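Structure first, then comments.
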Amino acid sequence: MELVVAGHRCHLGTGGQPWQRGDSHSPPLLLIHGAANDGDAWQRVAAGLAAAGCRVLAPDLPGHGRSGGPPLASIEALADWLPALLDAAGVERAVLVGHSMGSLIALEGAARHPQHCSGLALLGTSVPMPVADALLGRAASAPDSVYRLMTEYSLTPRFQLHGGGGHGIWGPGVNLAIMRRSPHGVLAIDLANCNDYAHGLAAAARVRCPTLLLAARRDRMTPRRNLPPLQAVLHQVRYVEIADCGHAMMNEAPQAVIDELLSFLPFVSAA
């Protein structure tokens, strides 16, 4: 579906279900994608959550995928965009679910706009989330080389070797295809946003809603060894690892992601 958010067209996935405006008995899950991605990164997870009875919104962030407007040039600006999106969708509160760069947006959004956040799920996260200088430079001059490198490092060798994704689907190609359709310049802006976000731990200390930290045991992009400082400052935190999976967990292990998000929702309801 499409909405107008902050004066620009915004494309949102709904897991294949019609979107009903207004709040129901449970808040929807707002699925926030990572750098140089769009809402299709959540396609299999969104469909599984919707099939389980959840309301789901998976937006293309501004300037990404099929959404209009310029890409926003800071995590803080993206976090401040979230309330406008929820208002346009007729939602007061949501469970903010973010992957990679999206996890930083969700974290900052929960800290800045607690009235709109009933729960927080951070997937494949690291606070801070530094990006190597070489990648920052190549993102602007040779983005496709960075897309390929990010795809390689986001998936386990086993998944890449066997293709993944089911019969007739090349799993690594899903990651690569989504990134390759990013508008020119988006990758460089997104990686700079991740690298420049400096106060994530301070934001986490202000979060009071239940939080899920979902890590992949074989994540080479945001390794789980980076998580203890974040885990220590979060107020109500549940930590879960997905075994034998890389950073792109929604592609490599979608059912595990669905199961863990569904298991987390009762903690949100009880808060």
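Tell me yes or no: at least one residue of the range 47-60 is of a type in the set (A, V, I, L, M, F, W, C) and closer than 16 Å to Gly7 by Cα. Among the residues of the range 47-60, not one is of a type in the set (A, V, I, L, M, F, W, C) and closer than 16 Å to Gly7 by Cα, which makes the answer no. Filter the range 1-14 for residues that are modelled with pLDDT of 95 or more and in contact with a helix residue (DSSP H, G or I) (Cβ under 6 Å, 6 or more places away or on another chain); which is farthest from Ala106 (Cα to Cα)? Among those residues, the one meeting the criterion is Leu3.
Would you check if Leu122 is open to solvent by less than 60 Å² (accessible area, probe 1.4 Å) and closer than 20 Å to Met249 by Cβ? Yes: the conditions hold for Leu122. In the range 163-176, the residue that is modelled with the lowest pLDDT out of those that are in a helix (DSSP H, G or I) and among the hydrophobic types (A, V, I, L, M, F, W, C) is Val174.
Looking at the range 226-239, can you tell me whether even one residue there is among the aliphatic types (A, V, I, L, M) and either part of a strand (DSSP E or B) or open to solvent by 70 Å² or more (accessible area, probe 1.4 Å) (or both)? Checked against the condition, which is being among the aliphatic types (A, V, I, L, M) and either part of a strand (DSSP E or B) or open to solvent by 70 Å² or more (accessible area, probe 1.4 Å) (or both), the range 226-239 yields at least one hit. When Met101 is tested against (1) in contact with a Cys (Cβ under 7 Å, 6 or more places away or on another chain); (2) open to solvent by 10 Å² or more (accessible area, probe 1.4 Å), just one condition goes unmet, and that condition is (2). Filtering the range 75-116 to residues that are more than 15 Å from the chain's Cα centre (by Cα), farther than 18 Å from Arg208 by Cα and of a type in the set (Gly, Ala, Ser) leaves Ala77, Ala84, Ala88, Ala89, Gly90. Please verify whether Gly90 is within 19 Å of Leu12 (Cα to Cα), open to solvent by 10 Å² or more (accessible area, probe 1.4 Å) and in contact with a strand residue (DSSP E or B) (Cβ under 9 Å, 6 or more places away or on another chain), treating the condition exactly as stated. Considered against the rule, which asks whether it is within 19 Å of Leu12 (Cα to Cα), open to solvent by 10 Å² or more (accessible area, probe 1.4 Å) and in contact with a strand residue (DSSP E or B) (Cβ under 9 Å, 6 or more places away or on another chain), Gly90 comes out as no. Residue count for the range 125-138 under the criterion of being surrounded by 15 or more Cβ atoms within 10 Å (Cβ to Cβ) and farther than 19 Å from Ser103 by Cβ: the result is 2.
Take Arg218 and tell me if it is among the basic types (Lys, Arg) and at pLDDT below 95. No; evaluated as a whole, the condition is false for this residue. For the range 177-224, the set of residues classified as under 16 Å from Ala35 (Cα atoms), open to solvent by 20 Å² or more (accessible area, probe 1.4 Å) and not in a loop (DSSP other than H, G, I, E, B) consists of Ala177, Arg180, Ala188, Ile189, Ala192, Asn195, Asp196, listed by residue number. Any residue that is open to solvent by 40 Å² or more (accessible area, probe 1.4 Å), aromatic (Phe, Trp, Tyr) and closer than 26 Å to Thr211 by Cβ - is there at least one of those in the range 164-171? Within the range 164-171, not a single residue is open to solvent by 40 Å² or more (accessible area, probe 1.4 Å), aromatic (Phe, Trp, Tyr) and closer than 26 Å to Thr211 by Cβ.
The values are calculated or read from the model by the stated rules, or taken from the named source; none is laboratory data. Since this is a predicted model, take the numbers as computed values, not measurements. Because the Cβ atoms are built from the backbone with ideal geometry, glycine has one as well, and the counts that use them run over all protein chains shown. Protein only, heavy atoms only, side chains kept; ligands, DNA and RNA dropped before computing areas. Shrake-Rupley method; radii C 1.70, N 1.55, O 1.52, S 1.80 Å.
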